1. Specify the residue that is nearest to residue 29 (Cα to Cα); the eligible residues are those in the stretch 118-142 that are under 15 Å from the mean Cα position of the chain (by Cα) and in a loop (DSSP other than H, G, I, E, B).
2. For the stretch 58-69, which residues satisfy the criterion of being open to solvent by less than 30 Å² (accessible area, probe 1.4 Å) and either within 8 Å of the chain's Cα centre (by Cα) or among the polar types (S, T, N, Q) (or both)?
3. Report yes if residue 27 is of a type in the set (D, E, K, R), open to solvent by 70 Å² or more (accessible area, probe 1.4 Å) and under 20 Å from residue 150 (Cα atoms), otherwise no.
4. For the stretch 47-57, state whether one or more residues are of a type in the set (S, T, N, Q) and surrounded by 24 or more Cβ atoms within 10 Å (Cβ to Cβ).
5. Could you check residue 85 against (1) in contact with a helix residue (DSSP H, G or I) (Cβ under 9 Å, 6 or more places away or on another chain); (2) without any contact (Cβ under 8 Å) to a residue 24 or more places away in the chain; (3) of a type outside the set (D, E, K, R) and say which number it fails?
6. Check 107, 18, 33 and return the single one that is within 13 Å of the chain's Cα centre (by Cα), over 21 Å from residue 152 (Cβ atoms) and at pLDDT 95 or above.
7. Just one of 91, 79 is out of contact with any Ser or Thr (no Cβ under 8 Å at 6 or more places or on another chain) and more than 16 Å from residue 46 (Cα to Cα); which is it?
8. What are the pairs, 6+ residues apart or on separate chains, where a residue within the stretch 57-76 that is farther than 18 Å from residue 129 by Cα has its Cβ under 8 Å from a residue that is open to solvent by 60 Å² or more (accessible area, probe 1.4 Å) and among the aromatic types (Phe, Trp, Tyr)?
Amino acid sequence: MSAAFASTPFAMRAALEAAERAAARGEVPVGAALVGPDRRLLAVDGNRVEEHRDPTAHAEMLVVRAAAQRLGRPRLTDCDLYVTLEPCPMCAHALCLARVRRLYYGAEDPKGGGVDHGPRVLNSPSCHHRVEVYGLIAEEAAAALLRDFFRARR
């Protein structure tokens, strides 16, 4: 384990590991981890679009659903999401609806992102909840997973 990885927040490490498992399953390597109010992991998963044959089975959607079920409530106001890639517009809006407190993401997604790129969903008038956003957490590791995955497919 590199020194940089050791200094990465535990939830982002869990998200990176979930992204690695997603890649091993042939999924785009994106992982997410949702941390509850007690700072414990509520849910961790990676993309499962191909496995579930479901275009909405993004890592973020899966962990938000799992955490809401685990907590028995649709609002995650005291929870933080760690994800290896900037969320797409669909996932960004789901974070608004779930009222996630904070978003920490790894690599930027200039082409498909919906937070700091594209429609910037979290800053739009349709987002009635303000999610705190912190980008570029473990960016190199997250970007390397994606680069390696797509390079192997070319």
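1. The qualifying residue nearest to residue 29 (Cα to Cα) is 138.
2. 59, 60
3. no
4. yes
5. With (1) in contact with a helix residue (DSSP H, G or I) (Cβ under 9 Å, 6 or more places away or on another chain); (2) without any contact (Cβ under 8 Å) to a residue 24 or more places away in the chain; (3) of a type outside the set (D, E, K, R) applied to residue 85, the lone miss is (2).
6. 33
7. 79
8. none
The values are calculated or read from the model by the stated rules, or taken from the named source; none is laboratory data. For clarity, every value in this text was computed on a predicted model and none was experimentally measured. Counting neighbours? That spans all protein chains shown, and the Cβs are built from the backbone with ideal geometry, glycine included. Note: accessible area is taken over every heavy atom of the protein model, side chains too, but ligands, DNA and RNA are not part of it. Shrake-Rupley method; radii C 1.70, N 1.55, O 1.52, S 1.80 Å.
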